[in-house]
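Student: The structure that follows is given in the form of structure tokens.
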Amino acid sequence: MGDTTVTKIQSATSPQGPQGQKYLAVGKSLSMRLWDKEAPTDNKPPHKHDYEVVGYVISGRAELHLEGQMVTLEPGDSWTVPAGAEHTYRILEPFTAVEATSPPAEFHGREKA
């Protein structure tokens, strides 16, 4: 018999990360997080991750700066950040988006080292 465990996460009570992200469901090979009404900011410092990110914009606008490219993210847009790619975001107006990472970026509400 296969794995029959079901995990339900309510965003209202989910753990929050150091950058304001809410940790949602975490599986063995991927995880989700919610950025809810992120306030406008100038560019955050560029950074890299050892995981791939895909995201979907629910509301607001942001710029994704990725390896010398820039794309504007608006409601209904989705994006990908490959593992190891240097990138940063500039939030232009209150921004709500869901991201999935593979492998998981976090484990039990804590960022991987």
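Student: Which residues, counting only those in the range 82-101, are more than 13 Å from Thr72 (Cα to Cα) and not β-branched (Val, Ile, Thr)?
Tutor: Result: Pro82, Ala83, Gly84, Ala85, Glu86, His87, Pro94, Ala97, Glu99, Ala100.
Student: Now a separate question. Can you name every residue in the range 10-26 that is part of a loop (DSSP other than H, G, I, E, B) and surrounded by fewer than 12 Cβ atoms within 10 Å (Cβ to Cβ)?
Tutor: Of everything in the range 10-26, those that are part of a loop (DSSP other than H, G, I, E, B) and surrounded by fewer than 12 Cβ atoms within 10 Å (Cβ to Cβ) turn out to be Gln10, Pro18, Gln19.
Student: If you go through the range 79-96 one residue at a time, do you hit one that is among the acidic types (Asp, Glu) and at pLDDT below 95?
Tutor: No, the range 79-96 contains no residue that is among the acidic types (Asp, Glu) and at pLDDT below 95.
Student: Still on this structure, please answer the following. It is to be established whether one or more residues within the range 48-61 are out of contact with any Asp or Glu (no Cβ under 7 Å at 6 or more places or on another chain), closer than 22 Å to Pro94 by Cβ, assigned to a loop (DSSP other than H, G, I, E, B) and polar (S, T, N, Q).
Tutor: The answer is no, given that none of the residues of the range 48-61 is out of contact with any Asp or Glu (no Cβ under 7 Å at 6 or more places or on another chain), closer than 22 Å to Pro94 by Cβ, assigned to a loop (DSSP other than H, G, I, E, B) and polar (S, T, N, Q).
Student: So, of the residues in the range 27-62 that are closer than 21 Å to Pro15 by Cα and among the hydroxyl-bearing types (Ser, Thr, Tyr), which turns out to be surrounded by the fewest Cβ atoms within 10 Å (Cβ to Cβ)?
Tutor: Here the answer is Ser29.
Student: Is it the case that some residue within the range 73-86 is small (Gly, Ala, Ser) and surrounded by 13 or more Cβ atoms within 10 Å (Cβ to Cβ)?
Tutor: Yes.
Student: Within the range 26-40, can one find any residue that is among the polar types (S, T, N, Q), farther than 24 Å from Val71 by Cβ and at pLDDT below 90?
Tutor: no
The values are calculated or read from the model by the stated rules, or taken from the named source; none is laboratory data. Keep in mind it's a predicted model, so treat the numbers as computed, not measured. As a convention, Cβ positions derive from the backbone with ideal geometry for all residues, glycine included, and neighbour counts pool all protein chains shown.
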